[in-house]
Each structure stands twice: as structure tokens, then as C-alpha cells.
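The values are calculated or read from the model by the stated rules, or taken from the named source; none is laboratory data. No experiment lies behind these values; they were computed from the predicted model shown. Every residue, glycine as well, gets a Cβ built from its backbone with ideal geometry; the counts of neighbours run over all protein chains shown. The protein model used for the area step is the full one, side chains on, heavy atoms only, and it has no ligands, DNA or RNA in it. Shrake-Rupley method; radii C 1.70, N 1.55, O 1.52, S 1.80 Å.
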Amino acid sequence: MKRINKDQYFIQMCETVALRSTCLRHQIGCVIVDINSKIVSTGYNGAVRGVEHCLDKGCIRDELKIKSATRIECCEAVHAEQNALIQAGKYSENSTLFVNCIPCITCSKMIINAGIKRVVIPADNTYSDKDGLALLNKVGVEVTRLHHVI
């Protein structure tokens, strides 16, 4: 038996966290880990507090035929990265953020301003919005693409 490394461990945790998602399109999970490999917070995508979940009411983006990664303002959901950053607060500074999807431009802005130093995503992720990734690279946030290991 081969032991997985810490990056593989935390990215697989993202997949487990994503199982709590209430989005009908994408199940995204996020884990923020401090410099000592201690989990600071987790988050998954879903409706804001007090609003009916898409699992129960259907997806407005599907009803309006909105293409993925566009017009995100139409949705009442909060992204996994946003939920994890909100929960982590100031403890996210100098941490690593693991997420099973390329962060969108809005999440990337929040990641940068939260002081995250490194973002780890699956190597095979093909999310259509690459602007967030470009912004992370532009400001020097280290982005690691991790190959899937079971």
C-alpha cells in the first residue's frame, strides 16, 4: 500500500465536502489548510442561508438556459471557496486553499485578498472560466494542478 501525500489527502477531502452541495450543476468542495497542515475551514456551494435550495426548487440558471461560468449574479448560491473563506476569516492568511474546480474570477479576487498563498486544483478540471486562474497567476498566488490519485 502506498500512502498518499498531503496534497492528495486534502484534494480528496474536497470531494467529500462537495457531497454536501445543493447545486444541481456542479458539486464543489473546498478545504483551507494552514501552514502547519491544520484544516482551518471547509465550504461547499449552495444557497445562501434562509433561501430554498436548488435541490428542492430547481435551478434558475437551467430554467433561463444560462451557460456555465456566465451571469453568476442570477444565482442565489454561494461558491464553495466563498463559504470556506467566510468561515476561515483571518485564519486563511498564508494558507493553502484546495478546491475541486478552477476558481471563478470573483472567488479568485477573494482568495487573493484573504492572503491565500497557494491554490491546489485537480489537473483534469476543465471549468470553462479561466479568468480566475489567470488572475491568481498574475498576482503570484502559486497554483498547483494535482493529478487524481485514489
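If the chain linking residue 76 and residue 5 were pulled fully straight, counting 0.36 nm for each residue of separation and taking away their Cα-Cα distance, it would gain 22.0 nm. Only one of the listed values, [x] 43, 38, 28; [y] 48, 32, 25; [z] 38, 32, 31, was derived from the coordinates as Cα extents along the principal axes in Å; which label is it? Entry [x].
If Lys and Arg each add +1 and Asp and Glu each add -1, what is the summed charge of the other residues whose beta carbon sits under 13 Å from the beta carbon of residue 8? Here the count lands on +2. Each label was represented as a point 7 Å from its Cα along the Cα-to-Cβ direction; for residue 91 and residue 62 these points are 3.5 nm apart.
Counting only heavy atoms of the protein chains, get the accessible area per residue of the chain (1.4 Å probe) and round it to a whole Å² value.
59 Å²
Note on the range 69-142 and the range 39-58: Cα centroid distance 17 Å, given to the nearest whole angstrom. When 1/r is averaged over all different Cα pairs and the result inverted, which Kirkwood radius in Å belongs to the range 21-71? With all distinct Cα pairs of the range 21-71 included, I get 12.8 Å. Lys and Arg at +1, Asp and Glu at -1: add these up for the other residues within a Cβ distance under 15 Å of residue 64 and post the number. Result for the neighbourhood of residue 64: +2. Estimated from helices alone, the mean residue ellipticity of the chain at 222 nm is -8500 deg cm²/dmol (sum of -39500 (n - 2.57) over DSSP H runs with n ≥ 4, per residue). Listed by chain and number, the lysines placed with their C-alpha closer than 25 angstrom to that of residue 109 are 38, 67, 90, 117, 130, 138; residues fewer than eight positions away on the same chain are left out.
Antiparallel beta bridges, as assigned by DSSP with both residues in the chain, represent about 60 percent of the total such bridges. Once you keep just the Cα pairs under 8 angstrom separated by 6 or more residues, what percentage relative contact order results for the chain? Contact order relative to length: 23 percent.
Leaving out ligands, DNA and RNA, and with a 1.4 Å probe, what % of the accessible surface on the range 1-132 is carbon or sulfur? Could the numbers behind the result be given before it?
Details: 3850 of 7490 Å².
Carbon-and-sulfur percentage of accessible area, whole number: 51.
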